[in-house]
1. Is it true that some residue in segment 150-161 is open to solvent by 80 Å² or more (accessible area, probe 1.4 Å) and under 24 Å from the mean Cα position of the chain (by Cα)?
2. Is it the case that N181 is in contact with a helix residue (DSSP H, G or I) (Cβ under 8 Å, 6 or more places away or on another chain), over 18 Å from P307 (Cβ atoms) and exposed (fewer than 12 other Cβ atoms within 10 Å of the Cβ)?
3. Might you check whether a residue that is open to solvent by 70 Å² or more (accessible area, probe 1.4 Å), under 29 Å from V301 (Cα atoms), of a type outside the set (D, E, K, R) and in contact with a helix residue (DSSP H, G or I) (Cβ under 7 Å, 6 or more places away or on another chain) occurs anywhere in segment 112-124?
4. If I ask for residues that are within 16 Å of the chain's Cα centre (by Cα) and surrounded by fewer than 20 Cβ atoms within 10 Å (Cβ to Cβ), which ones from segment 371-381 would you list?
5. Residues that are at pLDDT 95 or above, small (G, A, S) and more than 30 Å from N187 (Cα to Cα): which helices (runs of 4 or more DSSP H) entirely in segment 264-382 hold 1 or more of them?
6. Report, by residue number, each residue of segment 231-242 that is touching a strand residue (DSSP E or B) at 6+ places or on another chain (Cβ under 7 Å) and open to solvent by 10 Å² or more (accessible area, probe 1.4 Å).
7. Give me the residue from segment 84-111 that is touching a strand residue (DSSP E or B) at 6+ places or on another chain (Cβ under 7 Å) and of a type in the set (V, I, T) and, out of that set, least open to solvent (accessible area, probe 1.4 Å).
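The values are calculated or read from the model by the stated rules, or taken from the named source; none is laboratory data. As the structure is a prediction and not an experimental result, all values here were calculated from the model. Positions of Cβ are backbone-derived with ideal geometry, glycine not excepted, and every protein chain shown enters the neighbour counts. Just the protein is used for accessible areas: all its heavy atoms, side chains included, with ligands, DNA and RNA removed. Shrake-Rupley method; radii C 1.70, N 1.55, O 1.52, S 1.80 Å.
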Amino acid sequence: MKKARWLAILAVMAVVVAACGDGDTTETTGGTAPDTTGATTSEAPDTTGATETTGGSAPSGELASVSAESCDYGGKIQSIEATDTHEVVFTLCSPDPAFLAKLAFVPFAVQPAEHLEATGGAPLENPIGTGPFQLDVWDRGSEIVMSANPDYWGGAPSFNTLVFRWAAESTSRILELQSGNADYITNLAASDYETIEGDENLTILQDPNPNIFYVGLTTTFPPFDDVRVRQAVAMGIDRQRIVDNFYPEGSEVPDFFTPCSIPNGCEGEPWYDFDPEAARALLEEAGYPDGFDTTIRYRDVFRVYLPEPGAVATEIATQLQQNLGINATVEEMESGAFIEETSVGGLDGIHLLGWGADYPHVTNFLDTHFRGPQFGEPIPELVELLDQGAAIVDEAEAAP
């Protein structure tokens, strides 16, 4: 596949993989994990067109099952059947090698029907839980307080009380740690790693986290509807400079959209090298010898793939001006509106976003970004290839 076509398909520029730290904070509990066989997935069928044997709140002693009349509804699950108290059988419409990984994804945990009914379908606000800790207090945006669960089926937890708190700034979290008010923090700014390393009372725990930060270009808005302009932007930004200045040690400039730690994540041709001279020639060929005006939009939300959004946005704007003569105005958006607009391809100009693995399969990165309209109208040939690859269990066979 020629590089020009590669960019035309992706319409996105992979900038940096942050190799250390986590994304949103998650709690890992000890002991033997409960059986997750009954977990569902994001492709669970809409009940429209489905037939239900004893679904919903099945009477005591009865086992529930639900099935679609056919697989024409567009999902991957044909039926779900409880065959025993602790056993559920999923019948798929087509092979899905990522299915087991999806089952282990936290949001797809099993919820008892009785609990869903008792809470009015709001289990998040009323967690039932079978882990070593139980919820005591949830003050949204401030703290969560948990205590040891006396009915836990595994061994007793190491602590009687856990408190999770939030702090917007990395320096604030470090002060909490140094003062003894916190035992563990996440999401450090790159400049704060040196502070931790210089304190003999603190230790950095490496936590590899497959993720990527990218510069998104939407092909339905000029001038990014011209592949030469997209290529020029891809070659006109010094990604290594961004990594060196804004990311912690262990981060790297990627050659591929998906991290190489995920099977088949690094197949195909590598991304463009930094080449401002070639980029300027492409802009001139496309009719923009003096550059053009555009906007760089971002949300001011700390993520491991973009720890300093405003600073990185300003750096990219500076490079575009210096290297290509492109005048980019930096604009911060409210997080919810930003995500809503990017998900439907509603933003002209450039947007800064990223992705962390929900489950360790290449489809989690590729399907999410290249089957939908985020970067413009989906390309049927690409979607067809994604469908083919997603149905092949053997990793080597799926690689092409």
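1. There is no residue in segment 150-161 that is open to solvent by 80 Å² or more (accessible area, probe 1.4 Å) and under 24 Å from the mean Cα position of the chain (by Cα).
2. Judged against the criteria, N181 is not a match.
3. no
4. Once the filter is applied, which keeps residues that are within 16 Å of the chain's Cα centre (by Cα) and surrounded by fewer than 20 Cβ atoms within 10 Å (Cβ to Cβ), segment 371-381 yields R371, G372.
5. 276-285
6. Scanning segment 231-242 gives a single hit, R239.
7. V88
Residue-by-condition table, conditions (1) without any contact (Cβ under 8 Å) to a residue 40 or more places away in the chain; (2) open to solvent by 70 Å² or more (accessible area, probe 1.4 Å); (3) β-branched (V, I, T):
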site	(1), (2), (3)
E332	yes, yes, no
E340	yes, yes, no
I350	no, no, yes
Y359	no, no, no
N364	no, no, no
H369	no, no, no
V383	yes, no, yes
A390	no, no, no
A398	no, no, no
